[in-house]
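Written below as structure tokens is the structure these notes are about.
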Amino acid sequence: MNVQNPIIRGTYPDPSICRRGRDYFLVNSSFDYFPGLPLFHSKNLVEWQQIGNCLTRDEQLDLKDVKSSLGIFAPTIRYINERFYIIFTNTNSGQNLLIQTADPFGDWSNPLPLEWGGIDPSLFADTDGKIYVQGTAERWGEEKGIYQAEIDLATGKLLSPRTLISKGTGHKSPEGPHLYRKDDWYYLMMAEGGTEFGHMETIFRSRCVNGPFESFEGNPFLTNRSTGSKLQCVGHADLVDSPTGDWFAVCLATRIKGSHNYYHFLGRETNIAPIEWTEEGWPIVRGLELLPDFPLFEGYTRAPESQTTYDFSTMTTFSDEWLHISNPLASNYQFCEAGLQLRGGCSLSEIGQPTFVGLRQDEFTYSFTAEIESMKDTTAEIGVSVYMSHAYHVDFFIQGEAIWVRKKIGSLESLEQVGTINQSLTCLKVSCDGQRYQFVHVSDEKESVLAEIETIFLSTEISGTFNGVIIGLYTWNKTVESTNYINKVQVKKICE
């Protein structure tokens, strides 16, 4: 059965993949969200289950005062000597870091700072036991390109000089490098062109681990630039082989909206493509939008429509898919018989630790409904936010006996009362059809649309961010602390 990309939907960018036996593990960037580094497991490369997040403790991940779309960049996961390693950049601290575990279903170590600059670090274990790190140029003082050195995984110290091994094909932003060994060749792969519509993946090879690397005549070997494809911005790939010797590339891509002016707001998502190797030993991509039949993929089907209900009165913690902006203040989130108890933090427009917990929007046709019990405190807001960044979000909330909508679009901000409530239990719904968001009050099973906004105003092309939309629950107290409850959240979506 044919498989349709993306395989992991919503804002799960910069995928990196490794294999242990018949088990595949994949990790993504998480930027300014906590917990960090979502981790997935699969047996067939198309059905993925999130098995946790790798950075779950404050001592592992400090995002305080982080700006939107900064934080955790471009991880690489590798299985080396019966241990799993993830190397990544935290732009908030300006460090490249390494975590490890023997059990990817369990906890990961605290990060080890590395003697390595730039962003997008990667690891390669050679057959002689030597370990190499690759990455981009440091921001200041180095020529653009991909750098490499031998590294000690126990100490994070370099064992050889930091050396420029490739400048790419000459396009902008050579980044996201990975090194592989196959048939006595070393293959260096990287992203070029920037992570926007000019994004592409290029590949090079050498008989020596330090080069010189020759460029594939077919570069870029993976891209959808200058095409009419509904998958755009394709790149930042990683390769993996199967136990049968087949090869695959995972990469990011965006699903775009708009027939003339392309834009996207779901974020950069994880996709997969089978790889063929030419007689000359170069990789060729087989399909991306609709994947060809492949034995590993057999029996896979994606449900066209799904619904999930989160009853907070029966929960004791957030499941792996829920996200906070920056490190959450744990005392502001309490589970009890009445549901999820929220206490207010800073405004969503401030850089800080707001009281917010949300889910990645992962389909164009999507609804998020929250059942709220308000204490009628006229100083407190409680409701649902469609959140792209500190500067781009729309808040649909209750304050006292009024229902409000705030639209924060860059330097433009509007605040409008759109309704009233006459009971403590209120149902607020955000509905998306791909072109617009509607903000709906649900009462006695009757729905009243109170406001709307076009999705383009929360797109990456307008906001200038790396993330996709997160829809979540928040509260904000202007003057005093108050308590409000979220009883249930229901999410519905249709797969396109």
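The values are calculated or read from the model by the stated rules, or taken from the named source; none is laboratory data. Since the structure is predicted, the reported quantities are computational estimates derived from the model, not experimental observations. Positions of Cβ are generated from backbone atoms using ideal geometry, with glycine treated the same way; all protein chains shown enter the neighbour counts.
Do you know which residues across segment 22-63 are of a type in the set (Lys, Arg) and either closer than 21 Å to Ile87 by Cα or buried (at least 22 other Cβ atoms within 10 Å of the Cβ) (or both)? Walk me through it before giving the result.
Just the residues of segment 22-63 that are of a type in the set (Lys, Arg), to begin with: 22, 43, 57.
Hit for segment 22-63 is Arg57, nothing else.
Kindly provide the set of residues from segment 449-467 that are at pLDDT 95 or above and either in a strand (DSSP E or B) or aromatic (Phe, Trp, Tyr) (or both), ordered by number.
Hits for segment 449-467 are Val449, Leu450, Ala451, Glu452, Ile453, Glu454, Phe457.
Please return the ranges of strands (runs of 3 or more DSSP E) entirely within segment 94-193 where 2 or more residues are over 30 Å from Asp320 (Cα atoms) and assigned by TED's automatic domain parsing to the domain that holds His41.
Values: elements: 95-101, 122-125, 131-136, 146-150, 163-166, 175-182, 185-192.
Qualifying strands (runs of 3 or more DSSP E): 131-136, 146-150, 163-166, 175-182, 185-192.
Residue-wise test of (1) surrounded by fewer than 20 Cβ atoms within 10 Å (Cβ to Cβ); (2) touching an Asp or Glu at 6+ places or on another chain (Cβ under 8 Å).
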site	(1), (2)
Pro354	no, no
Leu359	no, yes
Phe368	no, no
Met375	yes, no
Thr379	yes, no
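Could you go through segment 161-176 and let me know if any residue there is hydrophobic (A, V, I, L, M, F, W, C), more than 25 Å from Trp247 (Cα to Cα), in contact (Cβ under 8 Å) with a residue 12 or more places away in the chain and surrounded by fewer than 22 Cβ atoms within 10 Å (Cβ to Cβ).
yes
What are the residues in segment 209-225 that are in contact (Cβ under 8 Å) with a residue 60 or more places away in the chain, within 22 Å of Leu123 (Cα to Cα) and not hydrophobic (A, V, I, L, M, F, W, C), if any?
Asn210
Give the number of residues within segment 226-240 that are out of contact with any Lys or Arg (no Cβ under 7 Å at 6 or more places or on another chain) and either in contact (Cβ under 8 Å) with a residue 40 or more places away in the chain or part of a loop (DSSP other than H, G, I, E, B) (or both). Outline the logic, then answer.
First pass over segment 226-240, keeping only residues out of contact with any Lys or Arg (no Cβ under 7 Å at 6 or more places or on another chain): 226-229, 232, 234-239.
When the remaining residues are screened for being either in contact (Cβ under 8 Å) with a residue 40 or more places away in the chain or part of a loop (DSSP other than H, G, I, E, B) (or both), the result is 226-229, 234-239.
The qualifying residues number 10.
Whether any residue in segment 427-434 is among the β-branched types (Val, Ile, Thr), without any contact (Cβ under 8 Å) to a residue 60 or more places away in the chain and not assigned by TED's automatic domain parsing to the domain that holds Leu266 is what I want to check. Don't jump to the end; show me each part of the working.
We begin by selecting, within segment 427-434, every residue among the β-branched types (Val, Ile, Thr); these are 430.
Right, trim to without any contact (Cβ under 8 Å) to a residue 60 or more places away in the chain and you get none.
There is no residue in segment 427-434 that is among the β-branched types (Val, Ile, Thr), without any contact (Cβ under 8 Å) to a residue 60 or more places away in the chain and not assigned by TED's automatic domain parsing to the domain that holds Leu266.
Determine whether segment 295-313 contains at least one residue that is within 25 Å of Gly36 (Cα to Cα), touching a residue at least 60 places away in the same chain (Cβ under 8 Å) and buried (at least 18 other Cβ atoms within 10 Å of the Cβ).
So far as segment 295-313 goes, yes, one or more of its residues are within 25 Å of Gly36 (Cα to Cα), touching a residue at least 60 places away in the same chain (Cβ under 8 Å) and buried (at least 18 other Cβ atoms within 10 Å of the Cβ).
Could you look through segment 64-76, keep only residues that are among the small types (Gly, Ala, Ser) and closer than 20 Å to Ile87 by Cα, and pick out the one that is surrounded by the most Cβ atoms within 10 Å (Cβ to Cβ)?
Gly71
Could you list, ordered by first residue, the pairs with Cβ atoms under 9 Å in which the first is in segment 53-71 and under 14 Å from Phe88 (Cβ atoms) and touching a residue at least 12 places away in the same chain (Cβ under 8 Å) and the second is part of a loop (DSSP other than H, G, I, E, B) and among the acidic types (Asp, Glu), at least 6 apart or interchain?
Asn53/Asp320; Cys54/Asp107; Leu63/Asp32; Leu70/Asp32; Gly71/Asp32
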